[in-house]
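Down below is the structure, laid out as structure tokens.
The values are calculated or read from the model by the stated rules, or taken from the named source; none is laboratory data. Since we're looking at a predicted model, the values are computed, not measured. We place every Cβ from the backbone using ideal geometry, glycine too, and count neighbours over all the protein chains shown. Heads up: the accessible areas ignore ligands, DNA and RNA and are worked out on the full protein's heavy atoms, side chains in. Shrake-Rupley method; radii C 1.70, N 1.55, O 1.52, S 1.80 Å.
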Amino acid sequence: QGHSMTIGGVGGIMEGDVVMVDTHDLEPMPEKIYVIHIPGDGVTLKRVRWLGDDLWLFSDNEDQIAYPPFRADKARVIGRVYDGFKRLPVRF
């Protein structure tokens, strides 16, 4: 849910997309996307990036005020996103 990982409102990981997660891959690596538990914010997807000498969690959304970065060492990694696909609407 949400728009923190959308790019330009039309790309990236969109609300309703499905992602595959490796729950054994728990070591944050730069430029990879992880399922993260952020205290007070819940479970979310974030991209890991270096900021100075520390790893931080970033949204792909350009609105860094609405989606500010968060220190990786203050969050719990649930797993690395390794694949995803767009959910297609189902009609009955």
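The table below lists the values:
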item: Test result for G52, open to solvent by less than 60 Å² (accessible area, probe 1.4 Å) and out of contact with any strand residue (DSSP E or B) (no Cβ under 8 Å at 6 or more places or on another chain); result: no
item: Hits in segment 11-44 (condition: β-branched (V, I, T) and over 12 Å from the mean Cα position of the chain (by Cα)); result: V18, T23
item: Top-ranked residue in segment 1-15 [being open to solvent by less than 30 Å² (accessible area, probe 1.4 Å) and either free of Cβ contacts under 8 Å to residues at least 24 places away in the same chain or among the hydrophobic types (A, V, I, L, M, F, W, C) (or both); ranked as nearest to V77 (Cα to Cα)]; result: M5
item: Members of segment 52-71 found to be more than 12 Å from the chain's Cα centre (by Cα) and under 21 Å from Q1 (Cα atoms), listed by number; result: E62, D63, Q64, I65, A66, P68
item: Residue within segment 37-53 that is at pLDDT 95 or above and acidic (D, E) present; result: yes
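Listed here are the residues, each with its yes/no results for (1) in contact (Cβ under 8 Å) with a residue 12 or more places away in the chain; (2) closer than 14 Å to D83 by Cα; (3) among the small types (G, A, S); (4) surrounded by fewer than 16 Cβ atoms within 10 Å (Cβ to Cβ).
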position: D17; (1), (2), (3), (4): yes, yes, no, yes
position: M20; (1), (2), (3), (4): yes, yes, no, yes
position: L26; (1), (2), (3), (4): yes, no, no, yes
position: Y34; (1), (2), (3), (4): yes, yes, no, no
position: V43; (1), (2), (3), (4): yes, no, no, yes
position: L57; (1), (2), (3), (4): yes, no, no, no
position: P69; (1), (2), (3), (4): yes, no, no, yes
